[in-house]
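Data first, discussion second: the structure below is written as structure tokens.
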Amino acid sequence: MLTLQCPYCGVMAEETELSAGGEAHLKRFGPGSTDADFETYMFMRENPKGVHFERWRHANGCGKWFHAARCTVTLEVFGTYPAQTSVPPADLLDKIRAARPGFKWREFE
Amino acid sequence: MSEAISALAGANTEGFARVSELGLHGMITVRGNQSDAAFAKAVCAVAGVDALPAIRKMVGTLEGGIAWMSPDELMVFVPYSQVVERVGQLNETLAGQHFLAVNVSDARAVFGIDGAAAREVLAKIAPVDLSPEAFGVGDLRRTRISQIAAAFWMSGEESFRLVCFRSVAEYAFKLLGTSAAKGGEVGYF
């Protein structure tokens, strides 16, 4: 079972206390943007086999949104971090680089 | 004025632990910056406690206490008869500041789980480590019990208090009652 630590309340929350929020760090393209940008924002996802950055909500808990880095193949969790950021924290990226040499997720590698 | 009654009017059931609906309690949801001294002082004054609870803690009692709900949310407990007045007091003291205080007394139900094996009643239905080493008196968790959201804390060595939405009070009562039914003892803790 997937267990993530909520960075806001510190609880080691298991899957049934959380709800998934899809891919993290999307840049929104709304009204006024080009069709191509909007399509990319709306439909195009990384869907990686390996390290992935996701949004999760501690729904049956403190109710806060946070981000998590985990591997979609092994379910290994590299870490969680608060949602008030548009890029993953540097120390977490270092940890992933060390564990998975050659990993690539969007512009991060 | 019509007479206010709680969701289950004090229903209770006796198993290997006692589950009871605890009637009317004044509950105020307060949101704001907990690290702000003026905010903390005002909320503590309303609840009649010395300091705000630490993360995942409950201070005081159902008659005057504060529960930690999230980094920016608290639940203040006051006597039911005084809740309107206390919300007014908060609004007055904190006027002009960024905060929110709402009387949710009639939108919540409060339960008590009492008995030597009270831990087991909740451990069976919530994804929480309720071992004595991990969860002690004053500790609070906002989580789910089976299919509904709830918050509970340990109010004494052998007692828990639980708050859930009033609309699901009957479900919560039956769930707790079933979990506490005689013959369902696990004896793990």
Practice problem: Sticking to Cα atoms, compute the Rg of chain B to one decimal and its Dmax as the biggest Cα-Cα distance, whole number, in Å. | Solution: 16.6, 56
Exercise. Straight distance only, please: which lysines reach the Cα of B:Lys182 with their own Cα at less than 26 Å, same-chain residues fewer than 8 apart left out?
Key: B:Lys124, B:Lys174
Practice problem: Show which aspartates and glutamates lie in cross-link reach of A:Lys104 when reach means a straight Cα distance below 18 angstrom and same-chain residues fewer than eight apart are skipped. | Solution: A:Glu23, A:Glu46, A:Glu54, A:Glu76, A:Asp91, A:Asp94
Quiz item: Counting only other chains, what is the mean number of Cβ atoms within 10 angstrom of the Cβ of each residue in peptide A:56-62?
Solution: 5
Quiz item: If r is the Cβ-Cβ distance from B:Asp72 to B:Ala4 and R0 is 35 Å, what FRET efficiency results, to the nearest 0.05?
Solution: 0.75
Quiz item: For the range B:85-103 and the range A:29-45, what is the separation of their C-alpha centers, rounded to whole Å?
Solution: 42
Exercise. May I ask you to order B:171-179, A:31-39, A:11-19 by the average number of other C-beta atoms within 10 Å around their residues, highest value first?
Key: B:171-179, A:11-19, A:31-39
Quiz item: Semi-axes of the equivalent ellipsoid of the protein assembly as shown: what are they in whole Å, largest first, if each equals the square root of 5 times a C-alpha gyration tensor eigenvalue?
Solution: 39, 26, 18
Exercise. Compute the signed sum of charges (Lys and Arg +1, Asp and Glu -1) over the other residues within less than 13 Å, Cβ to Cβ, of B:Ala9.
Key: -2
Practice problem: Apply 1/(1 + (r/R0)^6) to the Cβ-Cβ distance of A:Met42 and A:Ala20, taking R0 = 25 Å, and write down the FRET efficiency to the nearest 0.05. | Solution: 0.90
Quiz item: Normalised by the residues of the range B:12-179, what does the relative contact order come to in percent, with Cα pairs under 8 Å and at least six apart?
Solution: 25
Self-check item: Taking N as its residue count, the alpha carbon Rg of chain A over 2.2 N^0.38 Å
Solution: 1.11
Quiz item: Quick one: helix B:169-179 against the long Cα principal axis of chain B, what's the angle to the nearest 10°, folded into 0 to 90?
Solution: 40
Quiz item: Taking +1 at the Cβ of each Lys and Arg and -1 at the Cβ of each Asp and Glu, which of B:Ala45, A:Ala36, B:Val83 sits farthest along the dipole of the protein assembly as shown towards its positive end, judged by Cα position relative to the Cα centre?
Solution: A:Ala36
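We did not get these values from a lab; they are worked out from the coordinates using the rules stated. What you see is a predicted model, and the numbers here were worked out from it, not measured in a lab. Quick reminder, even Gly has a Cβ in these numbers, built from the backbone with ideal geometry, and neighbours come from all protein chains shown.
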